[in-house]
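Participant: Let me begin by handing over the structure; questions about it come next.
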Amino acid sequence: MSLPYGSATVEAVLFDLDDVLVPFESPAAWQWAWRPQGPVLGERRVRAAIRRSLKRWDRRRWKGVTGREPPVDLVALHAHLTESLTDVAGHALPDAESQAVVRRMLHPAGEVERFPDVAPALARLNAAGVRWGIATELPSESATWLLRRVGIDPARLLVTGEIPHPLPDREAFRAAVARFDLPPASVAFVGDLFWSDAHAASRAGLPALLLDRHDAWPKVQGGRVTSLDRLESALAAGDSPTSVEGSGEVSTE
């Protein structure tokens, strides 16, 4: 089965994992990782820090795609989370404390938040007979744990952060698409970052949709949604996410 995509169709959907299917950088996650016993972190301040963090990571990943910096890997992800923690805390933490917090972010315990739009969206795809899978730059252990905690079969994982060329490298998208045994143009990618998810997927030949849960890219036009409730209608429109002039983002090439 397939879904409309503009004047064409897509036969499968490839989802990013963190902050698309499962909350990852969220106020609750940072609270648990850094201040599990309190005091309670200011949600408004932490959400602003998360938006800044996402934009930094998006720029860093895209520079790796375009060759201006080395491609990102699990070491780069660890460095990114360390920098994000400094922003969340408002100051640099001692190295030992910082490393412990980042380890907890990558290896969470206890309850995991759920996005209320995920289960219905996946159920609709299953009912329509549309295949779907998951790609992530997270370590497979972290990704598997998160998926099990929210009731998603880890067998849906197609690529993780351990592969030789992890997301957002073109080879990672192609490796995931190959698992469907479909051409890239038949697999739509849903990610939460503008350049290094949506544009990187397009660069690899996949139709792309930006799921902007944190409202980090309000100036992006076309192909942008804030909830998976609009997954099918956004795909049917067939629009690629496009930055408007003055968005302040990095160049696409």
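Participant: Kindly provide the set of residues from segment 110-127 that are surrounded by fewer than 14 Cβ atoms within 10 Å (Cβ to Cβ) and not in a loop (DSSP other than H, G, I, E, B), ordered by number.
Facilitator: Within segment 110-127, Pro120, Ala123, Asn126, Ala127 meet the criteria.
Participant: Among the residues of segment 197-237, which ones are assigned to a loop (DSSP other than H, G, I, E, B), of a type in the set (D, E, K, R) and surrounded by 15 or more Cβ atoms within 10 Å (Cβ to Cβ)?
Facilitator: Of everything in segment 197-237, those that are assigned to a loop (DSSP other than H, G, I, E, B), of a type in the set (D, E, K, R) and surrounded by 15 or more Cβ atoms within 10 Å (Cβ to Cβ) turn out to be Asp212, Arg213.
Participant: Mind listing just one residue for me: the one in segment 128-158 that is assigned to a helix (DSSP H, G or I) and of a type in the set (A, V, I, L, M) and, of those, nearest to Arg174 (Cα to Cα)? Give the derivation first.
Facilitator: Our first condition is that a residue be assigned to a helix (DSSP H, G or I); within segment 128-158, this holds for 128, 140-149, 154-156.
Restricting the remaining residues to those that are of a type in the set (A, V, I, L, M) gives 128, 143, 146-147, 155.
Values: Ala128: 24, Ala143: 20, Leu146: 24, Leu147: 22, Ala155: 18 Å.
So the residue we want is Ala155.
Participant: Against the definition (without any contact (Cβ under 8 Å) to a residue 12 or more places away in the chain, in the same structural domain as Thr226 (by TED's automatic domain parsing) and part of a helix (DSSP H, G or I)), how does Ala172 come out, yes or no?
Facilitator: Numbers: without any contact (Cβ under 8 Å) to a residue 12 or more places away in the chain: no; in the same structural domain as Thr226 (by TED's automatic domain parsing): yes; part of a helix (DSSP H, G or I): yes.
So Ala172 fails the test.
Participant: Moving to a separate point now. Identify, by number, the condition in (1) farther than 14 Å from Val101 by Cβ; (2) touching a Ser or Thr at 6+ places or on another chain (Cβ under 7 Å) that Glu25 doesn't meet.
Facilitator: (1)
Participant: Same structure again: Need the failing condition index for Val40 against (1) within 18 Å of Ala100 (Cα to Cα); (2) free of Cβ contacts under 8 Å to residues at least 60 places away in the same chain, just the number.
Facilitator: (1)
Participant: Let me ask something else. Which residues, taken from segment 122-145, are closer than 24 Å to Trp57 by Cβ, out of contact with any His (no Cβ under 7 Å at 6 or more places or on another chain) and of a type in the set (Gly, Ala, Ser)?
Facilitator: The answer is Gly133, Ala135, Ser140, Ala143.
Participant: Return the pair list, or none, for Cβ contacts closer than 8 Å from residues in segment 75-97 that are in contact (Cβ under 8 Å) with a residue 40 or more places away in the chain and surrounded by 14 or more Cβ atoms within 10 Å (Cβ to Cβ) to residues that are of a type outside the set (Ser, Thr, Tyr) and not in a helix (DSSP H, G or I), at least 6 apart or on different chains.
Facilitator: Every condition considered, the pairs that remain are Leu77/Glu137; Leu77/Leu138; Leu77/Gly161; Ser84/Glu25; Leu85/Leu93; Val88/Leu41.
The values are calculated or read from the model by the stated rules, or taken from the named source; none is laboratory data. Computed from a prediction, not measured in an experiment: that's the story for all the values here. We place every Cβ from the backbone using ideal geometry, glycine too, and count neighbours over all the protein chains shown.
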